[in-house]
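Heads up, the thing below is written out as C-alpha coordinates.
The values are calculated or read from the model by the stated rules, or taken from the named source; none is laboratory data. Just so we're clear, the structure is a prediction, and the values are computed from it rather than from any experiment. Positions of Cβ are backbone-derived with ideal geometry, glycine not excepted, and every protein chain shown enters the neighbour counts. SASA here: full protein model, heavy atoms, side chains in, ligands and nucleic acids out. Shrake-Rupley method; radii C 1.70, N 1.55, O 1.52, S 1.80 Å.
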Amino acid sequence: MPSRLSDAIIRLHPDFTSLQELPESYAWNQRDDIDYPSFDSSAESVPIIDLNDPNALQNIGHACRTWGVFQVINHGVSTSLLDMVESTSRTLFSLPVNQKLKAARSPDGVSGYGFARISSFFSKLMWSEGFTIVGSPDEHFRQLWPHDYTNHCDVIKGYKQEMKKLAGRLMCLMLGSLGITAKQDIKWAGPKSDFKEASAALQLNYYPACPDPDRAMGLAAHTDSTLLTILYQNSTSGLQVLKEGVGWIKVSPVPDGLVINVGDLMHILSNGSYPSVLHRAMVNRTRHRLSIAYLYGPPSSVKISPHPKLVGPTHPPLYRPITWNEYLDTKAKYFNKALSWVRVCVPLNGLVDVNEHNNSVKVG
Ligand SMILES: C=C1C[C@]23C[C@@]1(O)CC[C@H]2[C@@]12CCC[C@@](C)(C(=O)O1)[C@H]2[C@@H]3C(=O)O
Ligand SMILES: O=C(O)CCC(=O)C(=O)O
Ligand SMILES: [Fe+2]
(Lines give C-alpha, C1' and ligand atoms only; values in the text may rest on other atoms or scores of the structure.)
(Ligands and ions follow the chains in the order given, each with its own letter.)
Protein backbone atom coordinates (compact mmCIF):
# COMPACT_ATOMS: atom_id res chain seq x y z
CA MET A 1 0.00 0.00 0.00
CA PRO A 2 1.46 3.47 -0.81
CA SER A 3 2.66 5.01 2.47
CA ARG A 4 0.53 8.18 2.16
CA LEU A 5 -2.59 6.05 1.88
CA SER A 6 -1.63 3.87 4.81
CA ASP A 7 -0.86 7.00 6.89
CA ALA A 8 -4.28 8.33 6.10
CA ILE A 9 -5.91 5.05 7.09
CA ILE A 10 -3.97 4.90 10.35
CA ARG A 11 -5.04 8.47 11.10
CA LEU A 12 -8.60 7.33 10.53
CA HIS A 13 -8.05 4.29 12.73
CA PRO A 14 -6.11 5.65 15.71
CA ASP A 15 -4.53 3.50 18.31
CA PHE A 16 -7.03 4.45 21.04
CA THR A 17 -4.69 3.29 23.81
CA SER A 18 -2.22 6.05 22.93
CA LEU A 19 -4.75 8.90 23.33
CA GLN A 20 -4.61 10.64 26.74
CA GLU A 21 -7.22 13.25 25.83
CA LEU A 22 -10.36 13.13 23.77
CA PRO A 23 -9.60 14.67 20.36
CA GLU A 24 -12.21 17.26 19.28
CA SER A 25 -13.22 15.01 16.39
CA TYR A 26 -14.51 12.53 19.01
CA ALA A 27 -16.23 15.07 21.27
CA TRP A 28 -20.01 14.85 20.84
CA ASN A 29 -22.39 17.67 21.58
CA GLN A 30 -25.86 16.66 22.68
CA ARG A 31 -27.05 17.85 19.29
CA ASP A 32 -25.12 15.05 17.62
CA ASP A 33 -27.37 12.37 19.03
CA ILE A 34 -30.95 12.10 20.12
CA ASP A 35 -31.38 14.42 23.01
CA TYR A 36 -33.35 12.68 25.75
CA PRO A 37 -32.59 12.32 29.43
CA SER A 38 -30.69 9.22 30.60
CA PHE A 39 -32.20 7.19 33.42
CA ASP A 40 -30.56 4.88 35.86
CA SER A 41 -31.64 1.29 35.39
CA SER A 42 -33.29 1.48 38.83
CA ALA A 43 -35.99 3.80 37.38
CA GLU A 44 -37.29 1.22 34.93
CA SER A 45 -35.51 -1.77 33.57
CA VAL A 46 -35.59 -3.88 30.47
CA PRO A 47 -37.51 -7.15 31.12
CA ILE A 48 -35.45 -10.25 31.91
CA ILE A 49 -37.17 -13.36 30.58
CA ASP A 50 -36.39 -16.91 31.64
CA LEU A 51 -36.82 -19.09 28.55
CA ASN A 52 -37.72 -22.03 30.82
CA ASP A 53 -40.65 -20.08 32.25
CA PRO A 54 -43.99 -21.51 31.02
CA ASN A 55 -45.13 -17.90 30.45
CA ALA A 56 -42.11 -17.06 28.27
CA LEU A 57 -44.23 -16.55 25.13
CA GLN A 58 -46.60 -14.05 26.80
CA ASN A 59 -43.70 -12.28 28.51
CA ILE A 60 -41.87 -11.94 25.21
CA GLY A 61 -45.00 -10.57 23.53
CA HIS A 62 -45.39 -7.95 26.24
CA ALA A 63 -41.70 -6.99 26.10
CA CYS A 64 -41.76 -6.66 22.30
CA ARG A 65 -44.85 -4.48 22.35
CA THR A 66 -43.76 -2.17 25.16
CA TRP A 67 -39.95 -2.13 24.98
CA GLY A 68 -38.73 -3.66 21.71
CA VAL A 69 -35.96 -5.25 23.77
CA PHE A 70 -35.54 -7.82 26.52
CA GLN A 71 -32.83 -9.97 28.07
CA VAL A 72 -33.01 -13.76 28.11
CA ILE A 73 -31.59 -16.20 30.63
CA ASN A 74 -31.66 -20.02 30.50
CA HIS A 75 -31.30 -19.72 26.75
CA GLY A 76 -29.22 -22.89 26.33
CA VAL A 77 -26.01 -21.22 25.08
CA SER A 78 -23.15 -22.42 27.28
CA THR A 79 -21.08 -20.07 29.42
CA SER A 80 -17.94 -21.62 27.98
CA LEU A 81 -18.96 -20.73 24.41
CA LEU A 82 -19.74 -17.14 25.49
CA ASP A 83 -16.34 -16.97 27.21
CA MET A 84 -14.60 -18.30 24.11
CA VAL A 85 -16.22 -15.85 21.73
CA GLU A 86 -15.39 -13.02 24.12
CA SER A 87 -11.78 -14.18 24.28
CA THR A 88 -11.47 -14.44 20.47
CA SER A 89 -12.92 -10.93 20.12
CA ARG A 90 -10.59 -9.52 22.76
CA THR A 91 -7.58 -11.17 21.09
CA LEU A 92 -8.65 -9.71 17.75
CA PHE A 93 -9.00 -6.14 18.97
CA SER A 94 -5.72 -6.34 20.93
CA LEU A 95 -3.76 -6.89 17.73
CA PRO A 96 -1.62 -3.96 16.55
CA VAL A 97 -3.54 -1.52 14.32
CA ASN A 98 -1.38 -2.45 11.30
CA GLN A 99 -2.30 -6.09 11.69
CA LYS A 100 -6.03 -5.36 12.05
CA LEU A 101 -5.89 -3.21 8.94
CA LYS A 102 -4.78 -6.25 6.93
CA ALA A 103 -8.37 -7.41 7.34
CA ALA A 104 -9.92 -3.97 6.78
CA ARG A 105 -13.42 -3.85 5.32
CA SER A 106 -13.15 -2.71 1.71
CA PRO A 107 -15.16 0.42 0.79
CA ASP A 108 -17.82 -1.61 -1.01
CA GLY A 109 -17.53 -4.71 1.20
CA VAL A 110 -19.45 -5.90 4.27
CA SER A 111 -16.97 -8.12 6.13
CA GLY A 112 -13.84 -7.03 7.93
CA TYR A 113 -12.37 -4.55 10.37
CA GLY A 114 -13.40 -0.90 10.47
CA PHE A 115 -15.38 1.95 11.89
CA ALA A 116 -19.11 1.68 12.51
CA ARG A 117 -20.83 1.74 9.13
CA ILE A 118 -23.21 4.46 10.36
CA SER A 119 -20.31 6.89 10.95
CA SER A 120 -20.96 8.68 7.68
CA PHE A 121 -24.24 10.08 9.07
CA PHE A 122 -22.49 11.94 11.89
CA SER A 123 -20.04 14.79 12.01
CA LYS A 124 -18.22 13.31 15.02
CA LEU A 125 -16.30 10.04 15.25
CA MET A 126 -17.31 7.14 17.47
CA TRP A 127 -15.07 5.72 20.17
CA SER A 128 -15.16 2.14 18.95
CA GLU A 129 -13.81 -0.43 16.56
CA GLY A 130 -15.81 -3.09 14.80
CA PHE A 131 -15.33 -6.32 12.93
CA THR A 132 -18.13 -7.67 10.75
CA ILE A 133 -18.34 -11.31 9.74
CA VAL A 134 -20.74 -12.31 6.97
CA GLY A 135 -20.31 -15.93 5.86
CA SER A 136 -17.05 -17.66 6.75
CA PRO A 137 -14.44 -15.84 8.88
CA ASP A 138 -11.61 -17.94 7.32
CA GLU A 139 -10.18 -15.47 4.82
CA HIS A 140 -10.03 -12.46 7.12
CA PHE A 141 -8.87 -14.47 10.13
CA ARG A 142 -6.01 -15.92 8.07
CA GLN A 143 -4.88 -12.35 7.40
CA LEU A 144 -5.03 -11.52 11.11
CA TRP A 145 -3.42 -14.68 12.47
CA PRO A 146 -1.52 -16.35 9.58
CA HIS A 147 -0.29 -19.21 11.82
CA ASP A 148 -3.11 -19.96 14.20
CA TYR A 149 -6.41 -18.78 12.81
CA THR A 150 -8.25 -22.12 12.82
CA ASN A 151 -9.14 -22.15 16.53
CA HIS A 152 -10.60 -18.65 16.29
CA CYS A 153 -12.56 -19.65 13.17
CA ASP A 154 -13.96 -22.69 14.98
CA VAL A 155 -15.12 -20.52 17.88
CA ILE A 156 -16.93 -18.14 15.52
CA LYS A 157 -18.50 -20.97 13.53
CA GLY A 158 -19.64 -22.73 16.73
CA TYR A 159 -21.08 -19.47 18.06
CA LYS A 160 -22.96 -18.74 14.84
CA GLN A 161 -24.46 -22.24 14.90
CA GLU A 162 -25.73 -21.83 18.46
CA MET A 163 -27.03 -18.33 17.75
CA LYS A 164 -28.93 -19.62 14.72
CA LYS A 165 -30.69 -22.22 16.88
CA LEU A 166 -31.56 -19.66 19.52
CA ALA A 167 -32.74 -17.13 16.93
CA GLY A 168 -35.08 -19.76 15.39
CA ARG A 169 -36.49 -20.47 18.84
CA LEU A 170 -36.98 -16.77 19.55
CA MET A 171 -38.66 -16.29 16.17
CA CYS A 172 -41.21 -19.00 17.07
CA LEU A 173 -41.88 -17.31 20.41
CA MET A 174 -42.11 -13.77 19.02
CA LEU A 175 -44.34 -14.82 16.13
CA GLY A 176 -46.35 -17.11 18.42
CA SER A 177 -47.08 -14.16 20.69
CA LEU A 178 -48.58 -12.40 17.63
CA GLY A 179 -50.79 -15.40 16.86
CA ILE A 180 -48.57 -16.49 13.97
CA THR A 181 -47.47 -20.13 13.76
CA ALA A 182 -44.10 -20.57 12.08
CA LYS A 183 -45.04 -23.99 10.66
CA GLN A 184 -48.29 -22.91 9.02
CA ASP A 185 -47.90 -19.21 8.47
CA ILE A 186 -44.25 -18.59 7.49
CA LYS A 187 -43.25 -20.49 4.37
CA TRP A 188 -39.56 -19.78 4.69
CA ALA A 189 -39.49 -21.24 8.23
CA GLY A 190 -39.04 -24.62 6.49
CA PRO A 191 -40.60 -28.05 7.21
CA LYS A 192 -39.05 -28.26 10.69
CA SER A 193 -39.85 -24.63 11.56
CA ASP A 194 -36.19 -24.11 12.30
CA PHE A 195 -35.68 -21.18 9.90
CA LYS A 196 -32.78 -23.12 8.40
CA GLU A 197 -32.45 -20.78 5.41
CA ALA A 198 -32.21 -17.60 7.51
CA SER A 199 -29.27 -15.22 6.93
CA ALA A 200 -27.10 -13.57 9.56
CA ALA A 201 -24.09 -11.38 10.22
CA LEU A 202 -21.89 -11.25 13.29
CA GLN A 203 -20.68 -7.85 14.50
CA LEU A 204 -17.87 -7.72 17.06
CA ASN A 205 -17.73 -4.31 18.79
CA TYR A 206 -14.90 -3.03 20.95
CA TYR A 207 -15.13 0.14 23.05
CA PRO A 208 -11.73 1.02 24.55
CA ALA A 209 -11.55 2.82 27.90
CA CYS A 210 -11.97 6.52 27.17
CA PRO A 211 -10.33 9.57 28.88
CA ASP A 212 -13.55 11.63 28.61
CA PRO A 213 -16.51 9.25 28.45
CA ASP A 214 -19.17 11.93 29.05
CA ARG A 215 -18.33 13.64 25.78
CA ALA A 216 -17.68 10.51 23.72
CA MET A 217 -20.05 8.15 21.93
CA GLY A 218 -19.34 4.43 21.45
CA LEU A 219 -22.02 3.71 18.88
CA ALA A 220 -24.61 6.34 17.99
CA ALA A 221 -28.36 5.77 18.30
CA HIS A 222 -29.72 3.41 15.67
CA THR A 223 -32.11 0.57 15.14
CA ASP A 224 -30.92 -2.73 13.68
CA SER A 225 -32.19 -3.67 10.22
CA THR A 226 -32.82 -7.21 11.38
CA LEU A 227 -35.76 -9.38 12.33
CA LEU A 228 -34.03 -9.72 15.68
CA THR A 229 -30.56 -9.22 17.12
CA ILE A 230 -28.97 -11.32 19.86
CA LEU A 231 -26.40 -9.25 21.73
CA TYR A 232 -23.82 -10.58 24.14
CA GLN A 233 -22.13 -7.89 26.24
CA ASN A 234 -19.25 -8.37 28.66
CA SER A 235 -19.64 -7.25 32.27
CA THR A 236 -19.03 -3.53 31.48
CA SER A 237 -22.29 -1.63 31.02
CA GLY A 238 -22.77 0.81 28.14
CA LEU A 239 -25.82 -0.26 26.15
CA GLN A 240 -28.80 2.11 26.43
CA VAL A 241 -32.24 1.79 24.86
CA LEU A 242 -34.73 4.56 24.25
CA LYS A 243 -38.05 4.05 26.02
CA GLU A 244 -40.71 6.26 24.49
CA GLY A 245 -41.85 8.95 26.89
CA VAL A 246 -39.16 8.04 29.42
CA GLY A 247 -35.67 8.43 27.97
CA TRP A 248 -32.47 6.44 27.67
CA ILE A 249 -32.42 3.38 29.91
CA LYS A 250 -29.29 1.42 30.79
CA VAL A 251 -29.32 -2.28 29.90
CA SER A 252 -27.24 -3.64 32.76
CA PRO A 253 -25.29 -6.79 31.95
CA VAL A 254 -26.78 -9.91 33.55
CA PRO A 255 -24.39 -12.87 34.03
CA ASP A 256 -24.80 -15.14 30.97
CA GLY A 257 -27.76 -13.03 29.81
CA LEU A 258 -28.32 -12.16 26.16
CA VAL A 259 -30.04 -8.97 25.00
CA ILE A 260 -32.66 -9.40 22.27
CA ASN A 261 -33.49 -6.38 20.11
CA VAL A 262 -36.52 -6.14 17.88
CA GLY A 263 -35.21 -5.05 14.47
CA ASP A 264 -36.77 -3.09 11.60
CA LEU A 265 -37.80 -6.17 9.62
CA MET A 266 -39.75 -7.50 12.61
CA HIS A 267 -41.30 -4.04 12.89
CA ILE A 268 -42.48 -4.44 9.27
CA LEU A 269 -43.54 -8.09 9.63
CA SER A 270 -45.58 -7.28 12.74
CA ASN A 271 -47.11 -4.28 10.94
CA GLY A 272 -45.77 -1.95 13.63
CA SER A 273 -47.00 -3.99 16.63
CA TYR A 274 -43.43 -4.81 17.66
CA PRO A 275 -41.50 -1.56 17.09
CA SER A 276 -37.78 -1.78 16.53
CA VAL A 277 -35.79 -0.36 19.43
CA LEU A 278 -33.51 2.66 19.18
CA HIS A 279 -30.28 1.93 21.06
CA ARG A 280 -26.75 3.26 21.48
CA ALA A 281 -23.53 2.34 23.27
CA MET A 282 -21.76 4.61 25.74
CA VAL A 283 -18.14 4.23 26.86
CA ASN A 284 -16.30 3.93 30.15
CA ARG A 285 -13.35 5.82 31.68
CA THR A 286 -11.44 2.86 33.06
CA ARG A 287 -12.88 -0.27 31.52
CA HIS A 288 -13.04 -1.45 27.97
CA ARG A 289 -16.28 -2.97 26.75
CA LEU A 290 -16.96 -5.72 24.24
CA SER A 291 -20.20 -6.68 22.60
CA ILE A 292 -21.05 -9.31 20.03
CA ALA A 293 -24.18 -8.82 17.96
CA TYR A 294 -25.77 -11.66 15.98
CA LEU A 295 -27.82 -9.85 13.35
CA TYR A 296 -30.54 -12.16 12.10
CA GLY A 297 -32.74 -11.82 9.05
CA PRO A 298 -34.62 -13.77 6.38
CA PRO A 299 -33.05 -15.64 3.43
CA SER A 300 -31.89 -13.16 0.79
CA SER A 301 -34.69 -13.94 -1.68
CA VAL A 302 -37.54 -13.50 0.83
CA LYS A 303 -39.58 -10.32 0.85
CA ILE A 304 -40.75 -9.31 4.31
CA SER A 305 -44.14 -7.63 4.54
CA PRO A 306 -46.81 -7.14 7.21
CA HIS A 307 -48.14 -10.64 7.93
CA PRO A 308 -51.61 -11.29 6.44
CA LYS A 309 -52.84 -12.43 9.88
CA LEU A 310 -52.15 -8.93 11.20
CA VAL A 311 -53.81 -6.94 8.46
CA GLY A 312 -57.46 -6.36 7.73
CA PRO A 313 -59.96 -3.61 6.98
CA THR A 314 -59.13 -1.74 10.17
CA HIS A 315 -55.42 -2.60 10.04
CA PRO A 316 -54.11 -1.85 6.56
CA PRO A 317 -50.57 -2.97 5.76
CA LEU A 318 -48.28 -0.09 6.73
CA TYR A 319 -45.17 -1.21 4.84
CA ARG A 320 -44.43 -2.50 1.36
CA PRO A 321 -42.73 -5.89 0.86
CA ILE A 322 -38.94 -5.68 0.91
CA THR A 323 -35.95 -8.06 1.00
CA TRP A 324 -33.24 -7.69 3.61
CA ASN A 325 -30.72 -6.51 1.02
CA GLU A 326 -33.13 -3.91 -0.34
CA TYR A 327 -33.75 -2.74 3.20
CA LEU A 328 -30.00 -2.54 3.95
CA ASP A 329 -29.59 -0.37 0.84
CA THR A 330 -32.42 1.89 2.02
CA LYS A 331 -30.82 2.07 5.47
CA ALA A 332 -27.43 2.93 3.96
CA LYS A 333 -29.09 5.88 2.21
CA TYR A 334 -31.61 7.13 4.75
CA PHE A 335 -30.33 5.63 8.03
CA ASN A 336 -32.91 6.07 10.82
CA LYS A 337 -35.53 7.29 8.35
CA ALA A 338 -35.39 4.02 6.36
CA LEU A 339 -38.63 2.66 7.86
CA SER A 340 -40.53 5.75 6.69
CA TRP A 341 -39.27 5.15 3.15
CA VAL A 342 -40.76 1.68 3.20
CA ARG A 343 -44.05 2.87 4.63
CA VAL A 344 -47.04 2.95 2.33
CA CYS A 345 -49.72 4.16 4.68
CA VAL A 346 -50.04 6.33 7.78
CA PRO A 347 -51.30 4.24 10.74
CA LEU A 348 -54.97 4.83 11.55
CA ASN A 349 -54.05 5.86 15.10
CA GLY A 350 -51.93 8.63 13.60
CA LEU A 351 -48.77 7.58 15.47
CA VAL A 352 -45.45 7.78 13.67
CA ASP A 353 -42.77 5.12 13.80
CA VAL A 354 -40.96 5.22 17.13
CA ASN A 355 -37.56 5.79 15.64
CA GLU A 356 -38.72 8.45 13.28
CA HIS A 357 -38.28 11.33 15.68
CA ASN A 358 -34.61 11.11 14.94
CA ASN A 359 -32.95 14.44 14.44
CA SER A 360 -29.45 13.05 14.17
CA VAL A 361 -29.02 12.60 10.45
CA LYS A 362 -26.55 15.13 9.17
CA VAL A 363 -26.03 15.44 5.50
CA GLY A 364 -22.94 17.13 4.17
C1 LIG B 1 -26.40 -7.24 8.15
C2 LIG B 1 -26.01 -6.05 8.57
C3 LIG B 1 -26.71 -5.26 9.61
C4 LIG B 1 -25.78 -4.08 9.84
C5 LIG B 1 -25.22 -3.89 8.46
C6 LIG B 1 -24.82 -5.33 8.10
O7 LIG B 1 -24.57 -5.47 6.73
C8 LIG B 1 -23.59 -5.77 8.89
C9 LIG B 1 -23.36 -4.90 10.14
C10 LIG B 1 -24.65 -4.46 10.83
C11 LIG B 1 -24.44 -3.23 11.70
C12 LIG B 1 -23.88 -3.53 13.11
C13 LIG B 1 -23.73 -2.19 13.88
C14 LIG B 1 -24.97 -1.29 13.77
C15 LIG B 1 -25.46 -1.23 12.29
C16 LIG B 1 -26.59 -0.21 12.13
C17 LIG B 1 -24.27 -0.97 11.40
O18 LIG B 1 -23.84 0.09 11.05
O19 LIG B 1 -23.70 -2.19 11.04
C20 LIG B 1 -25.82 -2.63 11.82
C21 LIG B 1 -26.39 -2.79 10.41
C22 LIG B 1 -27.91 -2.76 10.45
O23 LIG B 1 -28.54 -3.47 11.25
O24 LIG B 1 -28.46 -1.97 9.68
O1 LIG C 1 -22.41 -2.56 21.95
C2 LIG C 1 -23.62 -2.54 22.11
O3 LIG C 1 -24.15 -2.70 23.19
C4 LIG C 1 -24.53 -2.26 20.93
C5 LIG C 1 -24.04 -2.88 19.66
C6 LIG C 1 -25.04 -2.70 18.57
O7 LIG C 1 -26.01 -2.00 18.72
C8 LIG C 1 -24.85 -3.37 17.28
O9 LIG C 1 -23.81 -4.02 17.04
O10 LIG C 1 -25.78 -3.24 16.43
FE1 LIG D 1 -27.46 -2.28 17.12
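Tabulated values for the structure
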{"read-out": "Anisotropy class of segment 97-256 from Cα gyration tensor, a/c 1.5 cut", "value": "oblate"}
{"read-out": "Those aspartates and glutamates that a straight Cα-Cα span of less than 20 Å connects to K331, excepting residues fewer than 8 apart in one chain", "value": "D32, D33, D108, D224, D264, D353, E356"}
{"read-out": "Fraction of antiparallel bridges per DSSP, the chain only, in percent to nearest 5", "value": "90 percent"}
{"read-out": "Computed P(r) (all Cα pairs; segment 196-315; 10 Å bins; percent)", "value": "13, 38, 30, 14, 4, 0"}
{"read-out": "Cα-based helix-to-principal-axis angle, 79-93 vs the chain, degrees rounded to 10", "value": "40 degrees"}
{"read-out": "Förster radius 45 Å - calculated FRET efficiency between D329 and A209, Cβ distance, rounded to 0.05", "value": "0.80"}
{"read-out": "Residues in segment 256-288 that a label on S45 would reach, taking backbone N under 17 Å of a point 7 Å out along Cα→Cβ", "value": "256-260"}
{"read-out": "Whole-angstrom gap from segment 103-146 to segment 257-297, using each part's C-alpha centre", "value": "18 Å"}
{"read-out": "Computed over segment 40-136, Kirkwood Rh from alpha-carbon pairs, angstrom", "value": "17.0 Å"}
{"read-out": "Dipole moment magnitude, nearest 20 debye, the chain about Cα centre, only Lys, Arg, Asp, Glu C-beta charged", "value": "700 debye"}
{"read-out": "Folded to 0 to 90 degrees: helix 324-334 orientation relative to the chain principal axis, Cα", "value": "60 degrees"}
{"read-out": "Value at 222 nm in deg cm²/dmol, rounded to 500, when DSSP H runs of n ≥ 4 in the chain each add -39,500 (n - 2.57)", "value": "-8000 deg cm²/dmol"}
{"read-out": "Gained length - D35 relative to D53, 0.36 nm times residue gap less alpha-carbon distance", "value": "2.8 nm"}
{"read-out": "Prolate/oblate/rounded label for segment 96-158 (Cα gyration tensor, a/c 1.5)", "value": "prolate"}
{"read-out": "Whole-number D in µm² s⁻¹ for the chain, Kirkwood Cα-pair radius fed into Stokes-Einstein, 20 °C, 1.002 mPa s", "value": "102 µm²/s"}
{"read-out": "Crossing angle, helix 150-176 versus the chain [Cα axis fit, 0-90 degrees, rounded to tens]", "value": "20 degrees"}
{"read-out": "Inter-label distance for T79 and L19, nm, one decimal - labels placed 7 Å from Cα along Cα-to-Cβ", "value": "3.5 nm"}
{"read-out": "Cα-Cα over 19 Å, subset of K183/K309; K100/K160; K309/K337", "value": "K100/K160; K309/K337"}
{"read-out": "Per residue value of the accessible surface for the chain (all protein chains in place, 1.4 Å probe), Å²", "value": "46 Å²"}
{"read-out": "Contour excess over end-to-end distance, with Cα ends at D185 and S300 and 0.36 nm allotted per residue", "value": "39.5 nm"}
{"read-out": "Accessible area of segment 36-342 belonging to carbon and sulfur atoms, whole % at 1.4 Å probe", "value": "53 percent"}
{"read-out": "Charge-dipole axis of segment 36-342 as Lys and Arg at +1 and Asp and Glu at -1 on Cβ define it, positive-most pick from M282, V302, Y113", "value": "V302"}
